[in-house]
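Visitor: Could you have a look at this structure, given as structure tokens, before my questions?
Read-outs: derived from the displayed coordinates by stated rules, not from any lab. Because the structure is a prediction, the values reported are computed rather than measured. Don't worry about glycine lacking a Cβ; one is built from the backbone with ideal geometry, like all the others, and counts go over all protein chains shown.
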Amino acid sequence: MTELISDPYRRALAIYSEELLELVATRLSKLTRAKRTGETLDYVLKQLSGDKPLAKIIAKLDSPHLLALSILRRSPMVPWRWDHALRILEASGVVSAYTVLQELLELGLVYMRRTSTDDPLVRFDVVTGVSPEGLPLVAIAAPLVELPLELPEPGCPLTPREAHGAWRHADGWEWPMRLAILWQLAWLAPIKRTQQKVLFKRDRDRLVLHPLLASDTLDALVKIHEPGFLTYQLAMNQGWLDPQSDEQSPTAPLRQVWPSSLDDVLLQCGRGLVTTEGWNELGGEAPVGTFGSDVIASRFFALFWLTLIPENYGATIEEIAQGLERTLPPWNGEGELTGPLRQPKDRSQLCLKWLNGFLLGPAYQAGLIEVAGVDTDETLVRLTHLGRKFLGLQVDLPERMTYPQSLLVQPNHQIIVYRQALSIDLLVQIVLFAEPRSAGAALTFEITSASVYHGLEAGMQPEQIIDLLNQQSGRPIPSGVEESIRTWSQKRERLSIYQDVSLFEFERPEDMKEAMERGLVGQPVTDRILLVEGQEGTFKNLRITASRDYRLEPQPCVDCLPNGISLAVDLEKSDLMLESELKRFSDPLPYTDKNGRRLFQVTRDSVERAYDLGLRADFFDQWFKQRTGNEPPESVRLLVRAVAGLRLQAKSVIVLVADSPLVADGLMQHPLTSELFAERLGPSALAVDVETLPQLKAALGELGISLDMLSQVIDLRAGDDTA
């Protein structure tokens with residue numbers, strides 16, 4: 001635990017600007033009267049790490065400063081956001097909390113760091129109007145936790161009560177187990193967010209609807225709202241998902257970022273549970289607005305007050321809720337009151353429901369809380385040894401039982417691990433090469449070809465996987481499982497990885513063969529593509545037409561010939577992907593055009609082949625825009641529609657051709673003739689159905705127009721009737 005608390009403190013002081021660190025050193029030298037020697041950072045750390053200098057500093061502080069240190073000392077692992085720290089101190093009765101916190105920062109008894117950058121810190125004062133994301137974090141100095149100091153405690157609103165039955169506690173594996181599953185999930189496919197750092201709906205659903213992450217906890221006292229999303233928030237707090245990236249993947253394997261002890265992992269989970277703002281216990285019932293931020297202080301006090309009662313006693317959840325209603329917004333009627341928070345009665349009911357959701361839900365599963373009398377009218381809660389350690393009390397944690405050889409490998413490639421025999425070391429290794437299948441009293445994993453491949457990608461060797469399974473199971477694993485691991489590993493090892501290669505695409509297979517006969521050494525990939533390792537000396541006997549950067553988007557490199565169905569490839573602009581794309585919907589021609597360009601032709605058979613591959617009209621639209629820079633030719637669109645099912649209808653019509661468009665306009669507009677034309681075929685051509693010709697002659701006669709003024713042409717016209 002010393003490492004978990006001390007290291008952030010040293011790192012935070014190290015990024016203070018020289019002027020700010022000098023300010024801290026000057027204040028300390030005045031209080032301790034110590035001679036300034038050595039580097040400023042070393043001097044500050046030395047003054048705050050010794051019993052005598054620290055005692056001198058504490059002795060000269062007044063009551064508000066001592067009370068503030070006492071409160072912050074109860075959350076040694078939690079870096080509080082500035083607004084949350086002020087709210088906690090004010091609710092504890094610290095007068096002028098802003099000024100007190102500033103003075104403690106100047107003395108080095110509290111440290112400050114930025115949330116999203118390691119730029120040097122140049123000032124302690126916080127400008128008003130800063131967004132919550134831009135507020136700094138503050139935490140207690142490590143020596144104040146590690147040294148025995150007597151500090152005042154605030155009043156306790158709880159009445160100690162003795163339990164009449166046994167105390168019930170969780171095994172603590174729910175959150176580590178779910179975090180390991182989430183690590184594998186994010187490692188295989190990044191969790192994507194918008195530019196506003198909000199999860200896309202599809203990625204949020206991956207977490208909320210995942211069958212293992214969303215499952216109910218094994219020892220459930222209450223139903224936890226969206227446990228998969230809460231697991232994501234805990235991972236963000238632990239820092240192994242990049243908080244700045246829009247595509248979040250684990251920064252390292254869990255065995256590199258997690259401590260080896262379950263208790264230390266649970267302490268990290270406790271920090272995330274108390275400070276998470278993106279998740280809350282009420283879910284859809286939570287009031288809108290600042291509620292998610294307001295309840296962070298309530299989580300702290302619900303745990304902090306339990307440290308003020310004797311260790312072997314508990315308190316009722318109802319009494320803790322009453323203390324929150326007297327002390328903290330929004331439960332005390334202050335702050336932003338929306339929805340059920342407006343009415344005192346509704347507010348009390350909501351507070352009790354929220355508190356049950358926190359204490360009996362995630363806090364209980366994290367091993368911070370023990371419960372007694374769950375099935376009675378008076379449910380008592382108290383801190384476990386781990387919970388007291390989390391709140392800065394000097395506690396020796398009981399040693400957890402270990403069960404070696406607790407793993408069972410079955411012939412069907414499934415691995416069964418019982419929870420009471422699980423260890424952090426085993427968990428962080430098994431998720432590297434096995435896929436989780438169930439999470440109950442026993443955890444089930446399955447070894448697959450894909451999971452073995454992922455394990456090898458993570459740095460494991462086949463022998464490591466086999467040795468781990470043999471050691472943990474206590475007996476040789478089934479021979480079929482061992483053989484599968486080796487076989488799957490060998491398939492991966494057959495892959496050749498080249499650090500520096502060139503790919504040469506020749507116009508014809510004969511050209512590639514000729515180049516290799518002249519001494520070009522390489523590995524044929526296709527009949528026209530040659531892979532050459534390295535680049536030195538490969539160009540002297542070749543005339544390079546063009547080179548391409550495959551990181552760029554595909555460029556237009558195809559021309560459509562006048563008939564629309566023939567495509568000519570520009571060799572200087574084409575890339576290696578083009579030919580495979582063309583062969584999906586066209587056929588190569590055995591000859592070139594007059595410029596030597598390769599030709600492809602779109603036929604009905606080739607479009608049917610594309611249709612069988614699932615390619616539809618939108619594919620052709622996108623491909624032609626990308627590769628030719630224009631819309632698909634009409635002849636290609638005709639073939640696509642024909643394959644999709646196109647019916648044409650032919651009928652006999654009489655075409656009347658007027659001697660000018662003005663005459664045609666008049667005939668189409670006049671009421672005697674406008675209804676007698678089937679349609680207009682052109683500026684001067686009008687179509688007339690054979691059966692309506694007598695009516696047209698009569699109408700023209702009434703208008704005094706002789707039919708001799710028009711030329712009659714009988715034609716067959718195809719009408720489009722698409723099925």
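Visitor: Put a dot 7 Å past each Cα toward the Cβ at Y611 and R400; how far apart are the dots in nm?
Guide: Using points 7 Å along Cα→Cβ, the separation is 6.2 nm.
Visitor: Assigning unit charges at the beta carbon (Lys, Arg +1; Asp, Glu -1) and nothing else, what dipole magnitude in debye, to the nearest 20, does the chain show about its Cα centre?
Guide: 1480
Visitor: Right, here's the next one. Tell me the angle of helix 227-238 to the major Cα principal axis of the chain, expressed in degrees between 0 and 90 and rounded to the nearest ten.
Guide: Compared with the principal axis, the helix lies near 70 degrees.
Visitor: Read phi for every residue in the range 151-159 and hand back ³J(HN,Hα) as whole Hz from Karplus 6.51 cos²θ - 1.76 cosθ + 1.60, θ = phi - 60°, with x for Gly and Pro.
Guide: 10, x, 10, x, x, 9, x, 9, 9
Visitor: Which one of L407, L469, A458 is farthest out on the positive end of the charge dipole of the range 407-491, using unit charges on Cβ (Lys, Arg +1; Asp, Glu -1) and the Cα centre as origin?
Guide: It is L407, whose Cα lies furthest towards the positive end.
Visitor: Which semi-axes, in whole Å and largest first, does the equivalent ellipsoid of the chain have when worked out from the alpha carbon gyration tensor as the square roots of 5 times its eigenvalues?
Guide: Those come to 71, 38, 29 Å.
Visitor: Determine the gain in length on full extension of the stretch V657-N595; use 0.36 nm per residue of separation and subtract their C-alpha separation, reporting nm with one decimal.
Guide: 17.8 nm
Visitor: Return the distance in nm (one decimal) between the two label points of a simple spin-label model at Q471 and S580, each offset 7 Å from Cα along Cα→Cβ.
Guide: 4.2
Visitor: If you don't mind, another one. Please go through the residue pairs K197/K573; K491/K513; K192/K389; K513/K594 and name each one whose alpha carbons sit more than 32 Å apart in this structure.
Guide: As for pairs spanning more than 32 Å Cα to Cα, those are K197/K573; K192/K389.
Visitor: Taking the simple approach of a point 7 Å from Cα along Cα-to-Cβ for both E247 and L41, what is their distance in nm?
Guide: Label at E247, label at L41, 3.5 nm between them.
Visitor: Using only helices, what value at 222 nm comes out for the chain when you add -39,500 (n - 2.57) per DSSP H run of length 4 or more and divide by the total residues, to the nearest 500 deg cm²/dmol?
Guide: That comes out to -12000 deg cm²/dmol.
Visitor: Quick check on the exposure proxy: order S29, S92, S674 from fewest to most C-beta atoms within 10 angstrom.
Guide: Least crowded to most crowded, the residues run S674, S29, S92.
Visitor: Please work out the C-alpha center-to-center distance from the range 265-339 to the range 115-143 and express it in whole Å.
Guide: Taking the Cα centre of the range 115-143 as reference, the centre of the range 265-339 is 23 Å away.
Visitor: Mind sorting F433, F124 by how few other Cβ atoms lie within 10 Å of their own Cβ, fewest first?
Guide: By the 10 Å Cβ count, ascending: F124, F433.
Visitor: Let me ask something additional. Tilt of helix 634-645 relative to the longest C-alpha principal axis of the chain, in degrees (0 to 90, nearest 10)?
Guide: With rounding to tens, the tilt is 80 degrees.
Visitor: Taking the number of other C-beta atoms within 10 Å as the exposure measure, put C156, C269, C557, C351 in order starting with the fewest.
Guide: Ranked by crowding around the Cβ, least crowded first: C156, C557, C351, C269.
Visitor: What's the FRET efficiency of K52 with Q196 using the Cβ-Cβ distance as r and R₀ = 30 Å, to the nearest 0.05?
Guide: Step by step, r from the Cβ atoms, then E = 0.05.
Visitor: Quick one: 3J(HN,Hα) in Hz for the range 101-110, Karplus 6.51/-1.76/1.60 with θ = phi - 60°, rounded, Gly and Pro as x.
Guide: After applying 6.51 cos²θ - 1.76 cosθ + 1.60, I find 5, 4, 5, 5, 5, 5, 8, x, 6, 10 Hz.
Visitor: Just to confirm the number: angle between the C-alpha axis of helix 40-49 and the first principal axis of the chain, 0 to 90 degrees, nearest 10?
Guide: Result, in degrees: 50.
Visitor: Averaged across orientations, what area in nm² does the convex hull of the alpha carbons in the range 558-645 project?
Guide: Averaging across all directions leaves 5.4 nm² for the Cα convex hull.
Visitor: Among the lysines, which fall within straight-line cross-link reach of K651, defined as a Cα-Cα distance under 27 Å, with same-chain neighbours fewer than 8 residues apart omitted?
Guide: K697
Visitor: Just order 178-191, 608-621 by mean Cβ neighbour count inside 10 Å, highest at the front, would you?
Guide: Listed from highest to lowest mean packing, they are 178-191, 608-621.
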